Amino acid sequence: QDRGINQVYIIGGDGTQKGAALIYKEVEKRGLQVAVAGIPKTIDNDIAVIDKSFGFDTAVEEAQRAINAAHMEVESVENGVGIVKLMGRYSGFIALYATLASRDVDCCLVPESPFYLEGRGGLFEFVEERLKENGHVVIVLAEGAGQEYVAQEMQVVDGKDASGNKLLLDVGLWLTEKIKDHFTKVQKMAINTKYIDPTYMIRAIPSNASDNIYCTLLAQSAVHGAMAGFSGFTVGPVNSRHAYIPISRVTETQNTVNLTDRMWARLLASTNQPSFFESNELLERVDKEDVDVINHNMRATSI
(Lines give C-alpha, C1' and ligand atoms only; values in the text may rest on other atoms or scores of the structure.)
Protein backbone atom coordinates (compact mmCIF):
# COMPACT_ATOMS: atom_id res chain seq x y z
CA GLN A 1 0.00 0.00 0.00
CA ASP A 2 2.86 2.36 0.89
CA ARG A 3 4.70 1.64 -2.37
CA GLY A 4 1.68 1.54 -4.64
CA ILE A 5 2.13 -2.12 -5.59
CA ASN A 6 -1.01 -3.44 -7.28
CA GLN A 7 0.04 -6.99 -8.21
CA VAL A 8 1.49 -9.49 -5.73
CA TYR A 9 2.80 -12.89 -6.90
CA ILE A 10 3.48 -15.36 -4.10
CA ILE A 11 5.52 -18.43 -4.98
CA GLY A 12 5.77 -21.49 -2.73
CA GLY A 13 4.21 -24.52 -1.12
CA ASP A 14 1.36 -25.18 1.28
CA GLY A 15 2.56 -22.79 4.02
CA THR A 16 3.31 -20.06 1.49
CA GLN A 17 -0.16 -20.38 -0.06
CA LYS A 18 -1.69 -20.01 3.42
CA GLY A 19 0.32 -16.79 3.78
CA ALA A 20 -1.03 -15.65 0.40
CA ALA A 21 -4.59 -16.30 1.60
CA LEU A 22 -4.01 -14.07 4.64
CA ILE A 23 -2.54 -11.28 2.49
CA TYR A 24 -5.58 -11.50 0.19
CA LYS A 25 -7.95 -11.26 3.20
CA GLU A 26 -6.14 -8.13 4.41
CA VAL A 27 -6.25 -6.58 0.92
CA GLU A 28 -10.01 -7.23 0.81
CA LYS A 29 -10.46 -5.81 4.31
CA ARG A 30 -8.72 -2.56 3.31
CA GLY A 31 -10.55 -2.38 -0.01
CA LEU A 32 -7.32 -2.11 -2.01
CA GLN A 33 -7.14 -2.53 -5.79
CA VAL A 34 -4.46 -5.22 -5.54
CA ALA A 35 -4.32 -8.57 -7.37
CA VAL A 36 -2.94 -11.45 -5.25
CA ALA A 37 -1.84 -14.51 -7.25
CA GLY A 38 -0.31 -17.73 -5.90
CA ILE A 39 2.12 -19.91 -7.85
CA PRO A 40 2.54 -23.48 -6.51
CA LYS A 41 6.20 -24.45 -6.02
CA THR A 42 7.10 -27.41 -3.82
CA ILE A 43 8.96 -30.59 -4.59
CA ASP A 44 6.71 -32.55 -2.18
CA ASN A 45 3.72 -32.26 -4.57
CA ASP A 46 1.41 -31.84 -1.55
CA ILE A 47 -0.68 -28.89 -2.81
CA ALA A 48 -4.34 -29.90 -3.12
CA VAL A 49 -6.54 -29.67 -6.25
CA ILE A 50 -3.76 -29.22 -8.87
CA ASP A 51 -2.29 -32.15 -10.79
CA LYS A 52 1.26 -31.49 -9.62
CA SER A 53 3.43 -28.68 -8.29
CA PHE A 54 6.50 -27.08 -9.84
CA GLY A 55 9.71 -28.84 -8.78
CA PHE A 56 8.27 -32.32 -8.37
CA ASP A 57 9.48 -33.77 -11.70
CA THR A 58 13.01 -32.48 -11.06
CA ALA A 59 13.04 -33.93 -7.54
CA VAL A 60 11.97 -37.39 -8.74
CA GLU A 61 14.59 -37.32 -11.49
CA GLU A 62 17.39 -36.30 -9.12
CA ALA A 63 16.28 -38.88 -6.53
CA GLN A 64 17.22 -41.53 -9.10
CA ARG A 65 20.90 -40.68 -8.65
CA ALA A 66 20.72 -41.41 -4.92
CA ILE A 67 18.80 -44.66 -5.48
CA ASN A 68 21.24 -45.78 -8.19
CA ALA A 69 24.19 -45.01 -5.87
CA ALA A 70 22.61 -47.00 -3.03
CA HIS A 71 21.91 -49.93 -5.36
CA MET A 72 25.47 -49.92 -6.69
CA GLU A 73 26.90 -49.82 -3.14
CA VAL A 74 24.82 -52.67 -1.71
CA GLU A 75 25.16 -54.82 -4.81
CA SER A 76 28.93 -54.83 -4.41
CA VAL A 77 29.00 -56.05 -0.78
CA GLU A 78 27.69 -59.11 1.01
CA ASN A 79 24.21 -58.67 2.54
CA GLY A 80 24.09 -55.01 1.59
CA VAL A 81 21.20 -52.92 2.93
CA GLY A 82 20.81 -49.50 1.29
CA ILE A 83 18.51 -46.88 2.81
CA VAL A 84 17.72 -43.68 0.89
CA LYS A 85 15.82 -40.92 2.72
CA LEU A 86 13.85 -38.59 0.48
CA MET A 87 11.78 -35.51 1.28
CA GLY A 88 8.09 -35.86 2.11
CA ARG A 89 6.94 -34.51 5.46
CA TYR A 90 3.29 -35.58 5.18
CA SER A 91 3.11 -36.79 1.56
CA GLY A 92 5.20 -39.59 0.10
CA PHE A 93 4.93 -38.69 -3.58
CA ILE A 94 8.67 -38.28 -4.22
CA ALA A 95 9.39 -41.68 -2.65
CA LEU A 96 6.48 -43.30 -4.54
CA TYR A 97 7.38 -41.96 -7.99
CA ALA A 98 11.14 -42.37 -7.52
CA THR A 99 10.54 -46.01 -6.58
CA LEU A 100 8.37 -46.63 -9.64
CA ALA A 101 10.94 -44.93 -11.89
CA SER A 102 13.90 -46.82 -10.44
CA ARG A 103 12.90 -50.51 -10.54
CA ASP A 104 15.84 -51.25 -8.20
CA VAL A 105 13.92 -50.50 -4.98
CA ASP A 106 12.74 -53.37 -2.80
CA CYS A 107 10.63 -51.41 -0.33
CA CYS A 108 9.13 -47.91 -0.19
CA LEU A 109 7.96 -46.42 3.13
CA VAL A 110 5.74 -43.32 3.11
CA PRO A 111 3.96 -41.30 5.85
CA GLU A 112 0.51 -42.35 4.61
CA SER A 113 1.19 -46.07 5.14
CA PRO A 114 2.15 -47.14 8.69
CA PHE A 115 4.68 -49.96 8.91
CA TYR A 116 6.04 -52.17 11.67
CA LEU A 117 9.44 -53.79 12.11
CA GLU A 118 9.04 -57.06 14.01
CA GLY A 119 6.84 -60.10 13.58
CA ARG A 120 5.15 -61.79 10.66
CA GLY A 121 4.75 -59.46 7.67
CA GLY A 122 7.07 -56.88 9.25
CA LEU A 123 9.98 -55.05 7.68
CA PHE A 124 12.69 -57.18 9.33
CA GLU A 125 11.18 -60.38 7.91
CA PHE A 126 10.92 -58.83 4.45
CA VAL A 127 14.53 -57.57 4.50
CA GLU A 128 15.76 -61.01 5.57
CA GLU A 129 13.86 -62.69 2.72
CA ARG A 130 15.30 -60.28 0.15
CA LEU A 131 18.83 -60.71 1.47
CA LYS A 132 18.47 -64.49 1.12
CA GLU A 133 17.03 -64.14 -2.39
CA ASN A 134 19.22 -61.40 -3.86
CA GLY A 135 22.05 -60.76 -1.41
CA HIS A 136 21.07 -57.09 -1.12
CA VAL A 137 18.08 -54.83 -0.49
CA VAL A 138 17.28 -51.15 -1.22
CA ILE A 139 14.77 -49.24 0.93
CA VAL A 140 13.41 -45.81 -0.02
CA LEU A 141 12.09 -43.85 2.93
CA ALA A 142 10.12 -40.57 3.03
CA GLU A 143 11.26 -38.30 5.87
CA GLY A 144 7.81 -38.28 7.48
CA ALA A 145 7.42 -42.07 7.62
CA GLY A 146 7.61 -43.85 10.97
CA GLN A 147 7.87 -40.65 13.00
CA GLU A 148 5.65 -42.08 15.75
CA TYR A 149 8.13 -44.91 16.39
CA VAL A 150 11.15 -42.60 16.55
CA ALA A 151 9.33 -40.18 18.87
CA GLN A 152 8.27 -43.00 21.24
CA GLU A 153 11.79 -44.38 21.43
CA MET A 154 13.44 -41.01 21.95
CA GLN A 155 10.63 -39.75 24.23
CA VAL A 156 10.44 -36.48 22.34
CA VAL A 157 7.59 -34.01 22.89
CA ASP A 158 5.97 -32.72 19.70
CA GLY A 159 7.63 -29.50 18.61
CA LYS A 160 6.94 -27.15 15.70
CA ASP A 161 9.07 -24.86 13.57
CA ALA A 162 8.41 -21.18 12.83
CA SER A 163 5.99 -22.10 10.02
CA GLY A 164 3.94 -24.34 12.31
CA ASN A 165 5.23 -27.58 10.77
CA LYS A 166 5.92 -30.50 13.05
CA LEU A 167 9.65 -30.91 13.75
CA LEU A 168 10.77 -34.21 12.27
CA LEU A 169 13.28 -36.61 13.76
CA ASP A 170 15.79 -38.37 11.49
CA VAL A 171 13.92 -41.58 10.68
CA GLY A 172 16.66 -42.59 8.23
CA LEU A 173 19.40 -42.89 10.87
CA TRP A 174 16.92 -44.51 13.28
CA LEU A 175 15.88 -47.19 10.77
CA THR A 176 19.50 -47.84 9.77
CA GLU A 177 20.45 -48.49 13.40
CA LYS A 178 17.35 -50.65 14.05
CA ILE A 179 18.09 -52.88 11.06
CA LYS A 180 21.77 -53.12 11.97
CA ASP A 181 20.99 -54.03 15.60
CA HIS A 182 18.36 -56.61 14.66
CA PHE A 183 20.49 -58.53 12.19
CA THR A 184 23.76 -58.42 14.13
CA LYS A 185 22.36 -59.05 17.63
CA VAL A 186 19.14 -61.02 17.08
CA GLN A 187 19.65 -62.83 13.75
CA LYS A 188 23.46 -63.10 14.24
CA MET A 189 23.85 -62.18 10.60
CA ALA A 190 26.54 -59.87 9.22
CA ILE A 191 25.11 -57.06 7.08
CA ASN A 192 26.55 -53.96 5.41
CA THR A 193 24.30 -50.89 5.75
CA LYS A 194 24.63 -47.84 3.52
CA TYR A 195 22.58 -44.74 4.39
CA ILE A 196 22.16 -41.92 1.85
CA ASP A 197 20.41 -38.61 2.57
CA PRO A 198 20.34 -36.47 -0.62
CA THR A 199 17.69 -34.04 0.70
CA TYR A 200 19.39 -30.71 0.07
CA MET A 201 21.17 -31.90 -3.06
CA ILE A 202 17.76 -32.58 -4.57
CA ARG A 203 16.36 -29.22 -3.44
CA ALA A 204 19.31 -27.22 -4.75
CA ILE A 205 19.64 -28.39 -8.36
CA PRO A 206 18.34 -26.43 -11.38
CA SER A 207 14.95 -27.55 -12.71
CA ASN A 208 14.82 -29.99 -15.62
CA ALA A 209 13.29 -29.31 -19.05
CA SER A 210 9.82 -30.53 -18.05
CA ASP A 211 9.71 -28.29 -14.98
CA ASN A 212 11.12 -25.32 -16.94
CA ILE A 213 8.23 -25.52 -19.41
CA TYR A 214 5.72 -26.01 -16.58
CA CYS A 215 7.12 -23.00 -14.69
CA THR A 216 6.70 -20.80 -17.79
CA LEU A 217 3.05 -21.87 -18.11
CA LEU A 218 2.40 -21.15 -14.43
CA ALA A 219 4.00 -17.70 -14.70
CA GLN A 220 2.02 -16.79 -17.80
CA SER A 221 -1.25 -18.04 -16.24
CA ALA A 222 -0.64 -16.00 -13.09
CA VAL A 223 0.08 -12.80 -15.03
CA HIS A 224 -2.93 -13.29 -17.33
CA GLY A 225 -5.16 -13.81 -14.29
CA ALA A 226 -3.91 -10.73 -12.48
CA MET A 227 -4.14 -8.56 -15.60
CA ALA A 228 -7.71 -9.80 -16.19
CA GLY A 229 -8.68 -8.47 -12.77
CA PHE A 230 -8.79 -11.71 -10.77
CA SER A 231 -7.39 -11.87 -7.23
CA GLY A 232 -6.99 -14.38 -4.42
CA PHE A 233 -6.28 -17.27 -6.77
CA THR A 234 -3.64 -19.93 -7.31
CA VAL A 235 -2.77 -21.17 -10.79
CA GLY A 236 -2.19 -24.78 -11.81
CA PRO A 237 -3.32 -27.63 -14.03
CA VAL A 238 -6.52 -29.45 -13.01
CA ASN A 239 -7.09 -32.58 -15.10
CA SER A 240 -4.40 -31.25 -17.49
CA ARG A 241 -6.16 -27.89 -18.07
CA HIS A 242 -4.63 -24.77 -16.52
CA ALA A 243 -7.11 -23.13 -14.16
CA TYR A 244 -7.51 -20.35 -11.60
CA ILE A 245 -8.36 -21.81 -8.19
CA PRO A 246 -9.36 -19.81 -5.08
CA ILE A 247 -6.40 -19.87 -2.65
CA SER A 248 -8.76 -20.85 0.18
CA ARG A 249 -9.69 -24.02 -1.75
CA VAL A 250 -6.05 -24.99 -2.28
CA THR A 251 -5.15 -24.58 1.41
CA GLU A 252 -8.14 -26.56 2.79
CA THR A 253 -6.34 -29.90 2.67
CA GLN A 254 -3.01 -31.41 1.67
CA ASN A 255 -2.46 -33.71 -1.27
CA THR A 256 -1.40 -37.14 0.01
CA VAL A 257 -0.75 -40.58 -1.46
CA ASN A 258 -4.01 -42.53 -1.75
CA LEU A 259 -3.39 -46.11 -0.63
CA THR A 260 -6.45 -47.36 -2.53
CA ASP A 261 -5.59 -46.00 -5.98
CA ARG A 262 -3.76 -47.54 -8.91
CA MET A 263 -0.41 -45.85 -8.36
CA TRP A 264 0.06 -47.41 -4.92
CA ALA A 265 -1.10 -50.77 -6.29
CA ARG A 266 1.50 -50.43 -9.05
CA LEU A 267 4.19 -49.77 -6.45
CA LEU A 268 3.21 -52.88 -4.44
CA ALA A 269 3.32 -54.93 -7.64
CA SER A 270 6.72 -53.44 -8.55
CA THR A 271 8.43 -54.03 -5.19
CA ASN A 272 6.40 -57.01 -3.88
CA GLN A 273 6.74 -55.44 -0.45
CA PRO A 274 4.31 -56.27 2.36
CA SER A 275 1.26 -54.04 2.74
CA PHE A 276 1.89 -53.81 6.53
CA PHE A 277 -1.89 -54.04 7.02
CA GLU A 278 -4.04 -56.60 8.77
CA SER A 279 -7.54 -57.07 7.32
CA ASN A 280 -9.20 -55.27 10.27
CA GLU A 281 -6.89 -52.27 9.80
CA LEU A 282 -7.89 -52.06 6.15
CA LEU A 283 -11.56 -51.97 7.09
CA GLU A 284 -10.92 -49.10 9.48
CA ARG A 285 -8.96 -47.04 6.95
CA VAL A 286 -11.02 -47.39 3.78
CA ASP A 287 -14.62 -47.87 2.71
CA LYS A 288 -15.73 -51.48 2.70
CA GLU A 289 -16.37 -51.53 -1.05
CA ASP A 290 -12.70 -50.67 -1.67
CA VAL A 291 -11.34 -53.68 0.25
CA ASP A 292 -11.91 -56.19 -2.57
CA VAL A 293 -10.13 -53.87 -5.00
CA ILE A 294 -7.14 -53.50 -2.65
CA ASN A 295 -6.89 -57.25 -2.03
CA HIS A 296 -7.02 -57.86 -5.78
CA ASN A 297 -4.30 -55.28 -6.41
CA MET A 298 -2.07 -56.74 -3.69
CA ARG A 299 -2.36 -60.21 -5.28
CA ALA A 300 -1.55 -58.90 -8.74
CA THR A 301 1.90 -59.81 -10.02
CA SER A 302 1.85 -57.25 -12.82
CA ILE A 303 -0.32 -54.29 -13.82
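The values are calculated or read from the model by the stated rules, or taken from the named source; none is laboratory data. Since the structure is predicted, the reported quantities are computational estimates derived from the model, not experimental observations. Quick note on the areas: whole protein, heavy atoms, side chains included, nothing else; ligands and nucleic acids left out. Shrake-Rupley method; radii C 1.70, N 1.55, O 1.52, S 1.80 Å.
How tilted is helix 262-271 with respect to the longest principal axis of the chain? Cα atoms for both, answer in degrees (0 to 90, nearest 10).
So the inclination is approximately 30 degrees.
Compute the long axis of helix 56-75 from its Cα atoms, compare it with the longest principal axis of the Cα atoms of the chain, and write down the angle in degrees, 0 to 90, nearest 10.
With rounding to tens, the tilt is 20 degrees.
Could you work out the mean projected area of the convex hull around the alpha carbons of the chain, in square nanometres to one decimal?
Mean projected area for the chain: 18.2 nm², to one decimal.
Calculate, in whole percent, how much of the Cα-Cα pair population of region 41-84 lies beyond 13 Å.
More than 13 Å apart: 61 percent of the Cα pairs in region 41-84.
Carbon and sulfur: what percent of region 54-164's accessible surface (1.4 Å probe)?
After summing per-atom areas, the C and S share lands at 45 percent.
Mind pulling up the Rg/Rh value for region 78-221? Radius of gyration and Kirkwood radius, both on Cα.
1.03
222 nm [θ] for the chain, helices only, -39500 (n - 2.57) per DSSP H run of 4+, per residue, to 500?
Here the helix-only value at 222 nm equals -13500 deg cm²/dmol.
State the Cα centre-to-centre distance between region 165-209 and region 51-126 in whole Å.
Their Cα centres are 10 Å away from one another.
Once you have the Kirkwood Rh of region 23-65 from its Cα pairs, apply Stokes-Einstein at 4 °C and 1.567 mPa s and quote D in µm²/s.
For these conditions, the coefficient is 103 µm²/s.
By how many nm would the segment from R65 to L173 grow when fully extended, if each residue of separation counts as 0.36 nm and the alpha-carbon distance is taken off?
Between R65 and L173, full extension yields 36.9 nm more.
Could you give each residue of region 101-118 its phi-based ³J(HN,Hα) in whole Hz, using Karplus coefficients 6.51, -1.76, 1.60 with θ = phi - 60°, and x for Gly or Pro?
Once rounded to whole Hz, the list reads 6, 7, 6, 9, 8, 9, 8, 10, 10, 10, x, 6, 10, x, 9, 9, 8, 9.
Over all directions, average the projected area of the Cα convex hull of region 21-140 and note it in nm².
The orientation-averaged projected area of the Cα hull of region 21-140 comes to 9.6 nm².
What do you reckon, how do K178, K18, K185 stack up by accessible area (1.4 Å probe), largest on top?
So, going from the largest accessible area down, we get K185, K18, K178.
Would you mind working out the accessible area per residue for region 58-213, using a 1.4 Å probe, and quoting it in Å²?
48
Return an integer: the convex hull volume of the alpha-carbon atoms of region 160-256, in Å³ per residue.
Output value, Cα hull per residue: 192 Å³.
Note the angle between two axes, namely the Cα long axis of helix 171-181 and the longest principal axis of the Cα atoms of the chain, as a number of degrees from 0 to 90, rounded to the nearest 10.
Taking Cα atoms only, the helix is inclined about 0 degrees.
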